[in-house]
Amino acid sequence: MTVTVTWYLILAAGLFSMGVAGVMIRRNALIMFMSIELMLNSVNLTFVAISRELGLIEGQVAALFVMVIAAAEVTVGLAIIVAIFRKKASANVDELAELKG
Amino acid sequence: MGETITFIIFAAVAIAGAMTMLSARNPVYSAVGLLSTMFSIAIMYILLDAQFVAVVQVIIYAGAVMTLFLFVIMLIGVDNPGAYGARPIGQRVMTWIVAGVFFAALVLAGRQAWITGSSALGGADLTGTIENVADELFGTWTIVFLASVILLTIAALGTIALAYFDRADPDGEPAP
């Protein structure tokens, strides 16, 4: 029994779905953010698996670019969470309802 | 055979880490669960012969990003009651149903694309050494690489701006 690319794709789909569930189920902004990181990682896994299967290096380059975007996103996102926390003393997204009509 | 065993072990670790991240009440446990998932994904990259991406995964995600997350968790406090059980039960059930349907849809869609889009290259001989990746990165994608440099600079400036304007406006008054 050898590991085929399908196994990696199914694992990546599972991790992505768990990230989706995390964004929907948690109300702590930090953990929602971690779920987004999990989704980015699972997409990277599909890129690298497909890269290996097709023999194209572009998939790995795409994974590197996704990591660059994720690093930029983490800096700005965490700065926003900290700024909100200093105003509201809470990281609970349900309490951020100022735009509610 | 060794590859199969390694895959199964680290796939289990990745899924267990993701479940820990989803369900832990303490955000530190969530961060540690995500950390183990990141490490398992790095192992997957090594199994897929993508050594450079694996090293970058460990340095950036397990090193930098998760450390930053832990810093922020320590900064804003770990005793946050916004835990898994805080949502109403119906919402949790609905979430898992939606996530399950989403997973099934992903697998089905991927399977269809795979059957129509695949060629018979199966397991082509490709090793993601630094040399191979850099040839592609600095040969074909130079402009994109430079754009990502600009993006990172802008992200750093944006973070500084957020911290600065927050300090200039300490008592939460909306800016005029």
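The values are calculated or read from the model by the stated rules, or taken from the named source; none is laboratory data. These numbers come from a predicted model, not from an experiment. Quick reminder, even Gly has a Cβ in these numbers, built from the backbone with ideal geometry, and neighbours come from all protein chains shown. For accessibility, only protein heavy atoms count, side chains too; no ligands or nucleic acids. Shrake-Rupley method; radii C 1.70, N 1.55, O 1.52, S 1.80 Å.
Here is how the numbers come out for the structure above:
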| read-out | value |
| --- | --- |
| Subset of the range B:1-17 that is within 9 Å of another protein chain (Cβ to nearest Cβ) and out of contact with any Gly (no Cβ under 7 Å at 6 or more places or on another chain) - its residue that is farthest from residue A:2 (Cα to Cα) | B:14 |
| Near pairs, Cβ below 9 angstrom, 6+ apart or cross-chain, from the range A:49-68 (in a helix (DSSP H, G or I)) to any residue that is open to solvent by less than 30 Å² (accessible area, probe 1.4 Å) and among the aromatic types (Phe, Trp, Tyr) | A:49/A:8; A:50/A:8; A:52/A:8; A:53/A:8; A:60/B:45; A:63/B:45; A:67/B:61 |
| Boolean, residue A:73 is within 7 Å of another protein chain (Cβ to nearest Cβ) and among the charged types (D, E, K, R) | no |
| Within the range A:22-35, considering residues that are open to solvent by 20 Å² or more (accessible area, probe 1.4 Å) and without any contact (Cβ under 8 Å) to a residue 40 or more places away in the chain, the one nearest to residue A:85 (Cα to Cα) | A:23 |
| Condition broken by residue A:92, with the remaining ones in (1) at the interface with chain B (Cβ under 7 Å from one of its Cβ atoms); (2) of a type in the set (S, T, N, Q); (3) over 18 Å from residue B:62 (Cα atoms); (4) without any contact (Cβ under 8 Å) to a residue 24 or more places away in the chain satisfied | (4) |
| Residue within the range B:52-63 that is of a type in the set (A, V, I, L, M), assigned to a helix (DSSP H, G or I) and under 25 Å from residue A:24 (Cα atoms) present | yes |
| Output for the range A:76-89, where each listed residue is free of Cβ contacts under 8 Å to residues at least 24 places away in the same chain and more than 7 Å from every other protein chain (Cβ to nearest Cβ) | A:88, A:89 |
| One residue from A:63, A:89, A:21 being small (Gly, Ala, Ser), at pLDDT 90 or above and over 29 Å from residue B:147 (Cα atoms) | A:21 |
